[in-house]
Amino acid sequence: MNNNNISMALSARYQCLANEVLSRLPSGWHGDRVVRLEESRETLHLAQGQPAVACAAKLQFKSEEAWIVTLYTACLDTLSDEAVRWILARELGRVLSEPNQSWRHKANATPAQDERAEALALGWGFSSERRQFEQEYLLPRAS
């Protein structure tokens with residue numbers, strides 16, 4: 001696993017979970033992309049009223065493609081490690097799913113973009129983490 005282009009500005013819990021996720025990804029998964037994982041205590045809400053859990057944003061520096069994945073820990077702190085691993089895998093899937101697109105918060109992503117990012121995360125083997133996330137985050141808010 002070569003994650004030389006990955007940097008983290010994360011607290012101990014999220015750094016440990018990010019390393020667990022990265023260890024399960026295929027070698028060279030990010031190509032030449034530079035990825036920075038960071039966290040924010042900011043509380044954002046999606047158009048549906050749900051709190052945002054993360055976002056991926058692309059920055060272009062000359063010919064270098066760089067991504068910032070921001071974890072919104074005010075919400076993530078309430079979720080299990082398994083659910084957070086799903087969020088990390090899905091957001092890293094966003095980095096690969098639309099190399100020419102930039103997102104700022106999930107509300108700006110199209111359903112097709114969401115599906116591609118989630119398909120990548122599922123292909124990487126994070127299906128049990130997705131189920132856990134749905135149980136903790138999606139289902140309780142739907143009732």
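The values are calculated or read from the model by the stated rules, or taken from the named source; none is laboratory data. From a predicted model like this one, the values you see are computed outputs, not experimental measurements. Neighbour counts are summed over all protein chains in view; Cβ atoms, including those assigned to glycine, are modelled from backbone coordinates with ideal geometry.
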For this session: Count, please, the residues in segment 57-71 that happen to be over 18 Å from ASN4 (Cβ atoms) and surrounded by 14 or more Cβ atoms within 10 Å (Cβ to Cβ).
Result: 4
Seminar exercise, completed: For segment 1-52, the count of residues that are among the aromatic types (Phe, Trp, Tyr) and farther than 18 Å from CYS75 by Cβ equals 1
Problem set entry | For ILE68: the one exception among (1) within 14 Å of the chain's Cα centre (by Cα); (2) at pLDDT 95 or above; (3) hydrophobic (A, V, I, L, M, F, W, C) | (2)
Problem set entry | Flag for GLU91 being among the acidic types (Asp, Glu), at pLDDT 95 or above and closer than 21 Å to ARG131 by Cα | no
Problem set entry | Residue list for segment 117-132, restricted to those being among the hydrophobic types (A, V, I, L, M, F, W, C), more than 14 Å from VAL95 (Cα to Cα) and buried (at least 20 other Cβ atoms within 10 Å of the Cβ) | PHE126
Exercise. Of the residues that sit in segment 112-138 and are among the small types (Gly, Ala, Ser), farther than 23 Å from CYS75 by Cα and assigned to a helix (DSSP H, G or I), which one is nearest to the chain's Cα centre (by Cα)?
Worked result: ALA119
Exercise. Between a first residue in segment 60-85 that is free of Cβ contacts under 8 Å to residues at least 40 places away in the same chain and a second residue that is part of a helix (DSSP H, G or I) and surrounded by 20 or more Cβ atoms within 10 Å (Cβ to Cβ), which pairs have beta carbons less than 6 Å apart while being 6 or more apart in sequence or on different chains?
Worked result: TRP67/VAL95; VAL69/GLU91
Problem set entry | In segment 13-56, residue modelled with the highest pLDDT [restricted to those that are charged (D, E, K, R) and exposed (fewer than 13 other Cβ atoms within 10 Å of the Cβ)] | ARG41
